[in-house]
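Colleague: Quick one: the structure is below, questions incoming.
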There are 2 protein chains.
Amino acid sequence: MRAIIPFKKSNAKSRLGTLLSAKEREEFALAMLNDVAGTLFASGCFDSIDILSNSIIDIEGANIVLTEKGLNEALNEYLQKMSSHSMITPVLIIMADVPLVSSKNIKDLTASSADIAIVPGRMGGTNALFIRDPASYHVDYYGASFLKHREIAIRNGLVVEVFDSFNLSTDIDEIGDLAEVLIHGEGQAAVLLKKFGFSIAENRGRVGVKKAHHA
Amino acid sequence: MRAIIPFKKSNAKSRLGTLLSAKEREEFALAMLNDVAGTLFASGCFDSIDILSNSIIDIEGANIVLTEKGLNEALNEYLQKMSSHSMITPVLIIMADVPLVSSKNIKDLTASSADIAIVPGRMGGTNALFIRDPASYHVDYYGASFLKHREIAIRNGLVVEVFDSFNLSTDIDEIGDLAEVLIHGEGQAAVLLKKFGFSIAENRGRVGVKKAHHA
């Protein structure tokens, strides 16, 4: 089985720009990627872990597949290459911004008996896709991609499972999401946020984050 | 096994006030409660389903336990009464605003071998608590209650499990959350939102909701 993680280093996580500099955001995005790739590696489920990136990065245990293409085009080309090379092994596409993912999540997800297992992200997104036969499927990210991915599977006559996981559905995009990393995270992303001075803040019973100014 | 759902009808879901009238919010809160109670009932896991409420409401298959007390006080009194009446049956406390919960979620959660199973809500909340022995535990909601509930269990020497579910972690509080109900919901809450004129809206790749004005 193969895993592929799309990743964009340049101007990563722009919606965190109010509290993090471009350099900090890049560092944070890499920490999340390391958490995800490390969990995939630790799960022992994969023969290869590929990172689809437009720049060279160094992630232990992973190959870098360089591309200048957009997300959908690059992933569909990847799926197509797998099938044209007669690689009929399953593939897991997983986003780089789900640092809470556990090894058990990956084992459970890839043990799915369905043709396609979709892990919803927040607000209609797709955080992971388990594709049993790369030749039978194509991806369509952005917008309510969860609905599109389910529809593509149904249209192609495939059996779909919706995989239910808070860890995997929690993609980190906005400042508020950082609270989830601080509360539940156990990897490099959580460590880095604390190093940046972030901590949990409570305001009239509601939880958020605050950032200390370093001396 | 018993289940208890805390519920507040008056001024329910005030953060939805920008797009829903007080009457609509009350109706929506009741629809979510019906979805949750119906799922508990359908799971077949419970001898009794109690709703802790400050007003009389009619929910099929559930008993109403009237109280004027605050959430923590009312729930801790409920746990204490169970133990003083020597009811050493497990209890599931579940919030009324998690309409995506499935029967499988309830079966899996109550099959936990831990003393305490905690289901995190978003932003540090607690959406469900499975308590094996009511005499051994007390609750402390508001703020980062997930961390408090884990800490109370550890302090009392109890084995804790964190139950990982997108369905159960998705509490519906804000306008944006309504998109989750429209995308993933299959119960009364989803039907009602559509009746109110809500639908999914996309704006430059991001998903939200819009509300049609009825003629």
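Colleague: Name the residue that is farthest from A:ALA29 (Cα to Cα), counting only residues in the stretch A:143-173 that are free of Cβ contacts under 8 Å to residues at least 60 places away in the same chain and among the charged types (D, E, K, R).
Modeller: Among residues in the stretch A:143-173 that are free of Cβ contacts under 8 Å to residues at least 60 places away in the same chain and among the charged types (D, E, K, R), the one farthest from A:ALA29 (Cα to Cα) is A:ARG155.
Colleague: Also, I was wondering about something else. So A:GLU60 passes all but one of these: (1) more than 30 Å from A:PHE196 (Cβ to Cβ); (2) modelled with pLDDT under 95; (3) in contact with a helix residue (DSSP H, G or I) (Cβ under 9 Å, 6 or more places away or on another chain); (4) not small (Gly, Ala, Ser). Which condition number does it fail?
Modeller: Result: A:GLU60 passes all but (1).
Colleague: Another question, if that's okay. Is at least one residue of the stretch A:15-36 in contact with a Gly (Cβ under 6 Å, 6 or more places away or on another chain) and in contact (Cβ under 8 Å) with a residue 60 or more places away in the chain?
Modeller: The answer is yes, given that some residue of the stretch A:15-36 is in contact with a Gly (Cβ under 6 Å, 6 or more places away or on another chain) and in contact (Cβ under 8 Å) with a residue 60 or more places away in the chain.
Colleague: In the stretch A:174-207, how many are at the interface with chain B (Cβ under 10 Å from one of its Cβ atoms), free of Cβ contacts under 8 Å to residues at least 24 places away in the same chain and over 19 Å from A:VAL36 (Cβ atoms)?
Modeller: 7
Colleague: Let me ask something else. Would you pick out the residues in the stretch B:1-20 that are at pLDDT 95 or above and of a type in the set (Gly, Ala, Ser)?
Modeller: Residue satisfying the conditions is B:ALA3 alone.
Colleague: Across the stretch A:70-123, which residue is surrounded by the fewest Cβ atoms within 10 Å (Cβ to Cβ) among those that are among the charged types (D, E, K, R) and in contact (Cβ under 8 Å) with a residue 24 or more places away in the chain?
Modeller: Ranking the candidates gives A:LYS107 first.
Colleague: Just a yes or no: is a residue in the stretch A:46-62 of a type in the set (Asp, Glu) and in contact with a strand residue (DSSP E or B) (Cβ under 7 Å, 6 or more places away or on another chain)?
Modeller: Taking every residue of the stretch A:46-62 in turn, at least one turns out to be of a type in the set (Asp, Glu) and in contact with a strand residue (DSSP E or B) (Cβ under 7 Å, 6 or more places away or on another chain).
Colleague: May I pose another question? I'd like to know if the stretch B:92-103 contains one or more residues that are out of contact with any Phe, Trp or Tyr (no Cβ under 8 Å at 6 or more places or on another chain) and at positive phi.
Modeller: No: the stretch B:92-103 contains no residue that is out of contact with any Phe, Trp or Tyr (no Cβ under 8 Å at 6 or more places or on another chain) and at positive phi.
Colleague: Could you look through the stretch A:107-141, keep only residues that are basic (Lys, Arg) and within 13 Å of chain B (Cβ to nearest Cβ), and pick out the one that is farthest from the chain's Cα centre (by Cα)?
Modeller: A:LYS107
Colleague: Suppose we filter the stretch A:142-169 for residues that are in contact with a His (Cβ under 9 Å, 6 or more places away or on another chain), open to solvent by less than 10 Å² (accessible area, probe 1.4 Å) and more than 8 Å from every other protein chain (Cβ to nearest Cβ); how many remain?
Modeller: 1
The values are calculated or read from the model by the stated rules, or taken from the named source; none is laboratory data. Predicted, not measured: the structure shown is a model, and the values here were computed from it. Counting neighbours? That spans all protein chains shown, and the Cβs are built from the backbone with ideal geometry, glycine included. Remember, those area values only see protein heavy atoms, side chains included, never the ligands or the DNA or RNA. Shrake-Rupley method; radii C 1.70, N 1.55, O 1.52, S 1.80 Å.
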